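Contents: one structure, followed by commentary.
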Amino acid sequence: MRIDRVRAMHVRAQWDYHEPVAEAHLARPAAIYPGLAGKVNWPVDPAGGPPYTIDRHFLLIDTDQGITGVCGALGDEDCAIIKRTFANLLVGEDPHAVERIWDKMYRHAIHGRKGAAMLALSKVDLALWDLKGKLLGAPVYQLLGGPTRSRIKAYASMLGYSVEPNKVIERTRHFAAQGFTAFKWFLPGVPHDGEAGIRRNLAIIRAAREAAGPAADLMFDAWSSWNVPFTQRMIELSAPYRPTWFEEPVLADLIPQYAELRRGARGVFISGGEHEYTRWGIKALLDAQAVHILQPDVTWAGGLSEMTKICALASAYAIPVIPHHGGWASTHLIASQAISTCPMQEWLFLAGRPDNVFYKHKLVPVDGHIHLPSAPGLSMDMADGLDLLEESVLAG
Ligand SMILES: [Mg+2]
């Protein structure tokens, strides 16, 4: 059996969604430049709906036996890189040989170790795993050693929702009533704001704890926008509200600063790694003892082939991997790993919900948990009835 063609489908759909998509003012590292403050690439144009018209791409890898692997939803840049760099490498390969194809792509794209090319390579890897699952008639978590449980605890990731304390209380209670017991808020206060920024963040943390009750896990994302002293002050002053972790307190390249923060943190975890790639990037974080919790993204860091290696590495250091978002691909990874290695999944309302518009199998947490899919492959097949804008052959 051989891969004989690589295709992309560009599809469009209407997203009839009436919850907030951009209420919050996010901290971003580039916001130190006045022209870039407040600029966020939301998944949809907040002014464009509802209903919002959204478009995505799907990658399809065909075999000469008529079975196709699918990965979606991709952006324009992923598709352009796959066409330019990876598609021709796939044609003629045995579709079962995912490890061989991953290594071939990695060695070919020698400038692609981090960033956009690795994001695109990850999507190819996922389409190959979907294909292998379909060839063998099994959900991918089974091929990778799972299932380790029947459902995965999800945490509610509140990107896009207002961080005004009264709104934080209202929304935390709303999602707690739906069964969520863990919540992540994105804090707006940054070092440039001085003491006022710290006080603003603390008011949000206090509100979240008040609404969630004493038993819930509360996580707070700094989006790479703090520095060491600011983070140390946040850790010290937030202690009465018992945050579970502070995420990406400083820029991803500042590994010694992560290690300094981790060494000094008492009763709170330092997390990071969503902007790190491959086993080698993650190993550098582990060797430096930079984080308590790793958060690489299955759809960015090298796909499932690489994330299983990352999980093996992390487990040797007893560092949990709680992947950044990642949709169905994260579900399959987590379901294949020990609960101590991958304890829970991020459910990012603002990225998961629009993607669902394009999927036949919807990923919807029930009672704060994600139930494992049973379909062969990764459950990333396209929904029926999407508006097909263009189908293109990338290779073959
Ligand atoms: Mg994050």
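Before moving on, here are some points about what is shown:
- Selection count where residues are within 16 Å of the ligand (Cβ to nearest atom), of a type in the set (A, V, I, L, M) and under 16 Å from residue 123 (Cα atoms), scope region 320-339: 0
- Residue list for region 149-164, restricted to those being closer than 26 Å to residue 321 by Cβ, within 16 Å of the ligand (Cβ to nearest atom) and aliphatic (A, V, I, L, M): 154, 156, 158, 159
- Any hit, region 158-166, residues being at pLDDT below 95, small (Gly, Ala, Ser) and closer than 22 Å to residue 21 by Cα: yes
- Enumeration of residues in region 227-247 that are more than 20 Å from residue 209 (Cβ to Cβ) and in contact (Cβ under 8 Å) with a residue 40 or more places away in the chain: 230
- Note on region 158-175: residues that are closer than 14 Å to residue 216 by Cβ, out of contact with any Gly (no Cβ under 9 Å at 6 or more places or on another chain) and buried (at least 16 other Cβ atoms within 10 Å of the Cβ) total 5.
- No other residue among 10, 25, 57, 18 is in a loop (DSSP other than H, G, I, E, B) and surrounded by 13 or more Cβ atoms within 10 Å (Cβ to Cβ) apart from 25.
- Members of region 299-341 that are under 22 Å from residue 375 (Cβ atoms), assigned to a loop (DSSP other than H, G, I, E, B) and free of Cβ contacts under 8 Å to residues at least 40 places away in the same chain: 323, 326
- Candidate set from region 32-54 (those that are touching a residue at least 40 places away in the same chain (Cβ under 8 Å), in contact with a helix residue (DSSP H, G or I) (Cβ under 8 Å, 6 or more places away or on another chain) and outside any loop (DSSP other than H, G, I, E, B)); member that is surrounded by the most Cβ atoms within 10 Å (Cβ to Cβ): 54
- The criterion of at least 2 residues that are under 30 Å from residue 307 (Cα atoms) and within 16 Å of the ligand (Cβ to nearest atom) is met, among helices (runs of 4 or more DSSP H) falling completely within region 165-273, by 255-264.
- Selection status of residue 70, part of a loop (DSSP other than H, G, I, E, B) and not assigned by TED's automatic domain parsing to the domain that holds residue 161: no
- Among the residues of region 1-31, those identified as over 20 Å from the mean Cα position of the chain (by Cα) and of a type in the set (Lys, Arg) are 2, 5, 7, 12.
- Residues of region 342-396 satisfying the condition of being assigned to a strand (DSSP E or B) and over 26 Å from residue 181 (Cα atoms): 359, 377, 382, 387, 388, 389, 390, 391, 392, 393, 394, 395
- Filter result for residue 85 (in contact (Cβ under 8 Å) with a residue 12 or more places away in the chain, buried (at least 18 other Cβ atoms within 10 Å of the Cβ) and either of a type in the set (Ser, Thr, Tyr) or outside any strand (DSSP E or B) (or both)): yes
- The set of residues in region 282-302 being under 18 Å from residue 125 (Cα atoms) and within 16 Å of the ligand (Cβ to nearest atom) consists of 296, 297, 298, 299, 300, 301.
The values are calculated or read from the model by the stated rules, or taken from the named source; none is laboratory data. Given the structure is predicted, the values throughout are model-derived calculations rather than measurements. As a convention, Cβ positions derive from the backbone with ideal geometry for all residues, glycine included, and neighbour counts pool all protein chains shown.
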